[in-house]
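Heads up: the structure comes next, in structure tokens.
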Amino acid sequence: MRLEPFEAVVRRHGPAVLRVCRAVVGPDAADDAWSETFLAALRAYPELPPGSNVEAWLVRIAQRKAVDQLRAAARRAVPVAEPPDVPSALGLPGQDDGELWTALAALPDRQRQAVAYHHLAGLPYAEIAALVGGTPEAARRAAADGVAALRRTYRGDLP
Amino acid sequence: MTLDALTARLAVEAEDAGLLDVAFTTVDTPVGPLLLAATTEGLVRVAYANEDHDAVLQTLADRISPRVLRAPARLDAALRQLDEYFAGRRTAFDLPLDLRLSAGFRRDVLTHLREVAYGTTASYAALAAAAGSPRAVRAVGTACATNPLPVVVPCHRVVRSDGALGNYVGGVVAKRALLDLEAAA
């Protein structure tokens, strides 16, 4: 088995990782989280065992970077009334992405991460539990609660 | 930021962090789109479209490092010199080259190829003699066919002793075009 050129990894998984970053840290910090994720991934890439699930590997790195950012943001404690609407050319679901990100940002951390990793990154609940701690059942519940909360707060279409 | 902008930023940050083992870009030329790739040591690969650029990148990942990114900045000088060459304003390339994709006799042949002057041709037999193995004419042909740096290392200037053009890694049409370009300048 061979490792693909990293360029191909960025092309194939870059969009999904950006969606996850936006969901977890918000649209503002997502660019930095994305860059840090792929830079860290590039550093470790030659050691990645061939045949690995590359997307799950990237999401694990993104999770660590997101946690770092959330901690740093908590230390800085800069209050933000609401995340700004950011126009996207990435084919995100729905027309009112800004509202969806606002609704996502309002979820508790556990629910937001579970929704992002399951519904945006497509990870199974067992992997999400390994990422964020807790049991697969708790991850499933958090994702379900998160989606239920989104259905109450977000008026657009959910997939 | 768009994904394209993020990807471009990643290439710059990777270069700054010393994590960019192979930088590549593509450029349109009179002989079709060329892929250019460079290590930190120098230009390591020039590839014609008929070599399949995705396959070429995979080979670079296998043989050098999978840390391969589109990063045109490292190829600025090569791009500029190729532009000048195809405009007829440059007769010799002055670029650091990384010859690691070629070894042994083939590498010797590349060294001698660089001595065949612009606008002139040499025969496979003459190249074999120059490389110290007069009977290795077929091996010279193989060395030219597997030249990792066509155009820049001018294997297109090697023709058959009977005057026929001979084969070329970029196709005979490209070989003719390069020789015509050099004859006209």
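The values are calculated or read from the model by the stated rules, or taken from the named source; none is laboratory data. All figures in this text were calculated on a predicted structure; none of them were measured in a lab. Note: ideal-geometry Cβ built from the backbone for every residue, glycine included; neighbour counts use all protein chains shown. These area figures cover heavy atoms from the full protein model, side chains too; ligands, DNA and RNA do not enter into them. Shrake-Rupley method; radii C 1.70, N 1.55, O 1.52, S 1.80 Å.
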* If you take the residues in the range A:1-16 that are at the interface with another protein chain (Cβ under 10 Å from one of its Cβ atoms) and under 13 Å from the mean Cα position of the chain (by Cα), which one is least open to solvent (accessible area, probe 1.4 Å)? -> A:Gly14
* Asked: Is it the case that B:Asp83 is of a type in the set (D, E, K, R), open to solvent by less than 20 Å² (accessible area, probe 1.4 Å) and under 15 Å from the mean Cα position of the chain (by Cα)?
  -> no
* To do: Give me a count of the residues in the range A:17-54 that are touching a Cys at 6+ places or on another chain (Cβ under 7 Å) and more than 10 Å from chain B (Cβ to nearest Cβ).
  => 1
* Taking the range B:17-34, which residues are acidic (Asp, Glu) and outside any loop (DSSP other than H, G, I, E, B)? -> B:Asp28
* Does B:Asp21 satisfy the condition of being out of contact with any helix residue (DSSP H, G or I) (no Cβ under 6 Å at 6 or more places or on another chain) and either open to solvent by 60 Å² or more (accessible area, probe 1.4 Å) or more than 14 Å from chain A (Cβ to nearest Cβ) (or both)? -> no
* All positions within the range B:126-138 that are surrounded by fewer than 19 Cβ atoms within 10 Å (Cβ to Cβ), farther than 13 Å from B:Thr111 by Cβ and small (Gly, Ala, Ser) -> B:Ala126, B:Ala129, B:Ser133
* Among (1) at pLDDT 85 or above; (2) of a type outside the set (Asp, Glu); (3) under 11 Å from the mean Cα position of the chain (by Cα) - the single one A:Ala129 does not satisfy -> (3)
